[in-house]
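Q: Let me give you the structure first, and then I'll get to my questions.
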Amino acid sequence: MDLVELKVGGFGGQGIILAGLIIGKAATLFDNQHSAMTQSFGPEARGSACSSQVIISKNRILYPYVRRPNILVVMSQEAFTKFSPSLVPDGTLLYESDLVELANLPAGVKTAGIPCTRIAEELGTKIVANIVMVGFFTGQTGVVSREAIRKAIENSVPRGTEKLNLEAFERGYTFGSSDAKQRVAS
Amino acid sequence: MDKPEYPQRVTLKNGRTVLLRPLESGDEAELARFFSKLPPDECTEFFKDDVYDSDVVRRFVRQCGADRIWAILALVERGRVVGDASLHMTRDGWRRHVGEVRVVVAPAFQRQKLDTMLISELVNHASLLGLKKLEALVLDCQVETRTAFEHLGFREEARLGKHAIDFHNRLHDLLILTNTVEDPWLQMENLVANLEFSREGY
C-alpha cells in the first residue's frame, strides 16, 4: 500500500496519541517513509474520546489529514461507534476485544481483535496497553517494520521503561502476526 | 524500573563515541591520572576534596565499594577516563532519601553533552535505589554545569550568598539545585497525559 490513512481512537489516558506518535516516528525516522500526524480530543479531558490520525506514504504527503481511514484501530466502544462509519469498505479494523463489541460493520471490512489491556496487565501495568496494540498493528499490517517500531519505542518512552515497553510490543506483535497467518490460511 | 546494562557506548555531539561504565576497584590509577590532568581553575578549586592527591582518589574508589557512593566513568580508547560522576548518599537519618550529585568532565569533552549523559545515569541509578530527591551544589560562576543540571530538571532551590571563596579571595554564591527522582512509570503516565490532555494550540 503506497499510502495508508490510519486512525487510532480510544479514550484519554490510554496512550492513543503516543501510539500514533510512535507509528509515525517509526515510519519517518526509521523506515524511510513519509508520515504526518494530527490529533483530536473530545470536549472533556480524561476519559473522553480522543484520536490520532497518521498518514504514512512512500511519497511526499500533500494533504496531512485523514479523510477515510483504511486502517482503524479502536480501543474503546465510543471510538468504534464514532469512527467505524468512516472506514473505507475494504479497510482493516483492529480493536481492543475486551472493550469493543463490533456491530453494523460494512461488508468487506477485515477485523482482528486483541485483549491488549489484559495483556498489558499481565505484564504488570496497563499503561502499556497502547504499546501492545502498536505491536498488534505492526504484526497485522506490516505497514511499518518491526525494527523501526522497536527503535521508535526506545526513542519515545521514558528512560527505564524501555524493556517492558518492548516486551509489550513483542506480545502484541506475536499475537498479531500469528493471528494474521491464521486469517490468511482460513 | 529496568536496570541499565553496562558498559554503554554513547555518541557525543561531535560524533565521538565514549564508553560509560560504573567505577570499579582497579580504576584508581587512571582516575588519579584524569584528575591530575584537570587544569587548576575556578572549577577544580571548588572540589570538595583535593583530587590532585592520589591518596584521596584511592580512598574515593574504595568508598565506592560501599553503598554510600556510586560512581560512573566515561572512557575513551585505551581506557582513558574523560569524565566522572558520582552519587553520594547518607542512606540513613533524615537525609536518607537524598542523594548528592557530582560531575566532572575533561575540558576537551565539555560542551558535548557528556555531563548531561553522566548526570542522567546518576538520576537513573538514584531511582533504582529508591532515592526521592537529588541535590547538586554549584557556584554562581559555574554556568555550564548549572545548565547541564537544568536540562535534566534540576532547579535552584536555595542560594547561599557569598558562601564560597576562591583561591583569589573572590566570594561566590553557592546554589543548591534540586530535583525529585520520579518513578519512570509515573513519567510514562505523565507522558501519556501530557500528550492527550495538553490543549495548548488546539
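Q: Within the range B:13-24, which residues are out of contact with any strand residue (DSSP E or B) (no Cβ under 6 Å at 6 or more places or on another chain) and either without any contact (Cβ under 8 Å) to a residue 12 or more places away in the chain or of a type in the set (A, V, I, L, M, F, W, C) (or both)?
A: Those that are out of contact with any strand residue (DSSP E or B) (no Cβ under 6 Å at 6 or more places or on another chain) and either without any contact (Cβ under 8 Å) to a residue 12 or more places away in the chain or of a type in the set (A, V, I, L, M, F, W, C) (or both): B:Gly15, B:Glu24.
Q: Same structure again: For A:Pro106, indicate whether it is surrounded by fewer than 21 Cβ atoms within 10 Å (Cβ to Cβ), touching a helix residue (DSSP H, G or I) at 6+ places or on another chain (Cβ under 6 Å) and either modelled with pLDDT under 95 or within 14 Å of another protein chain (Cβ to nearest Cβ) (or both). Spell out the reasoning first.
A: Values: surrounded by fewer than 21 Cβ atoms within 10 Å (Cβ to Cβ): yes; touching a helix residue (DSSP H, G or I) at 6+ places or on another chain (Cβ under 6 Å): no; either modelled with pLDDT under 95 or within 14 Å of another protein chain (Cβ to nearest Cβ) (or both): yes.
No: the conditions fail for A:Pro106.
Q: Just name the residue that is surrounded by the most Cβ atoms within 10 Å (Cβ to Cβ) out of those in the range B:84-109 that are within 19 Å of B:Glu150 (Cα to Cα) and out of contact with any Gly (no Cβ under 9 Å at 6 or more places or on another chain).
A: Top of the filtered list is B:Gly99.
Q: If the requirement is being within 18 Å of B:Gln112 (Cα to Cα) and touching an Asp or Glu at 6+ places or on another chain (Cβ under 7 Å), which of these qualifies: B:Leu75, B:Leu20? Show your work before the answer.
A: Working: B:Leu75 fails: touching an Asp or Glu at 6+ places or on another chain (Cβ under 7 Å).
Residue meeting the stated conditions: B:Leu20.
Q: Hey, can you tell me all the residues within the range A:106-149 that are closer than 20 Å to A:Lys58 by Cα and more than 14 Å from the chain's Cα centre (by Cα)?
A: Answer for the range A:106-149, where residues must be closer than 20 Å to A:Lys58 by Cα and more than 14 Å from the chain's Cα centre (by Cα): A:Glu147, A:Ala148.
Q: If you check every pair at least six apart or on different chains, which have Cβ atoms under 9 Å apart with a residue in the range B:122-140 that is within 14 Å of chain A (Cβ to nearest Cβ) first and a residue that is of a type in the set (S, T, N, Q) second?
A: As it stands, the answer is B:Leu122/B:Ser86; B:Val123/B:Asn179, since those pairs meet every condition given.
Q: Has the range B:185-199 got any residue that is buried (at least 17 other Cβ atoms within 10 Å of the Cβ) and assigned to a strand (DSSP E or B)?
A: For the range B:185-199, residues buried (at least 17 other Cβ atoms within 10 Å of the Cβ) and assigned to a strand (DSSP E or B): absent.
Q: Ok, one more. Note down all Cβ pairs under 6 Å where the first residue falls in the range A:12-24 and is facing another protein chain (nearest Cβ under 8 Å) and buried (at least 24 other Cβ atoms within 10 Å of the Cβ), the second is assigned to a helix (DSSP H, G or I) and modelled with pLDDT under 95, and they're at least six residues apart or on different chains.
A: A:Gly15/B:Val192; A:Ile17/B:Leu195; A:Ile17/B:Glu196; A:Leu18/B:Val192; A:Leu18/B:Leu195
Q: Residue check: is A:Gly135 within 14 Å of another protein chain (Cβ to nearest Cβ) and small (Gly, Ala, Ser)? Before you say what the answer is, go through the steps one by one.
A: On the way: within 14 Å of another protein chain (Cβ to nearest Cβ): no; small (Gly, Ala, Ser): yes.
Taking the combined requirement at face value, the residue does not satisfy it.
Q: Something else about it: Mind checking which residues of the range A:129-149 are without any contact (Cβ under 8 Å) to a residue 60 or more places away in the chain and touching a Leu at 6+ places or on another chain (Cβ under 7 Å)?
A: Within the range A:129-149, A:Phe136, A:Gln140 meet the criteria.
Q: Is it the case, given these coordinates, that B:Arg155 is surrounded by 15 or more Cβ atoms within 10 Å (Cβ to Cβ), in contact (Cβ under 8 Å) with a residue 24 or more places away in the chain and farther than 24 Å from A:Ile22 by Cα? Before you say what the answer is, go through the steps one by one.
A: Values: surrounded by 15 or more Cβ atoms within 10 Å (Cβ to Cβ): no; in contact (Cβ under 8 Å) with a residue 24 or more places away in the chain: yes; farther than 24 Å from A:Ile22 by Cα: yes.
No, not satisfied.
Q: What single numbered condition from (1) within 14 Å of chain B (Cβ to nearest Cβ); (2) surrounded by 20 or more Cβ atoms within 10 Å (Cβ to Cβ); (3) polar (S, T, N, Q) fails to hold for A:Thr125?
A: Of (1) within 14 Å of chain B (Cβ to nearest Cβ); (2) surrounded by 20 or more Cβ atoms within 10 Å (Cβ to Cβ); (3) polar (S, T, N, Q), only one is false for A:Thr125: (2).
Q: Quick one: which strands (runs of 3 or more DSSP E) lie wholly within the range B:1-113 and hold at least 1 residues that are within 14 Å of chain A (Cβ to nearest Cβ)?
A: Details: elements: B:8-11, B:17-22, B:69-75, B:81-89, B:98-105.
So the answer is B:8-11, B:17-22.
The values are calculated or read from the model by the stated rules, or taken from the named source; none is laboratory data. Predicted model, so just to flag it, every value in this text is computed and none were measured. Using ideal geometry, Cβ is built from the backbone for each residue, glycine included, and neighbour counts are taken over all protein chains shown.
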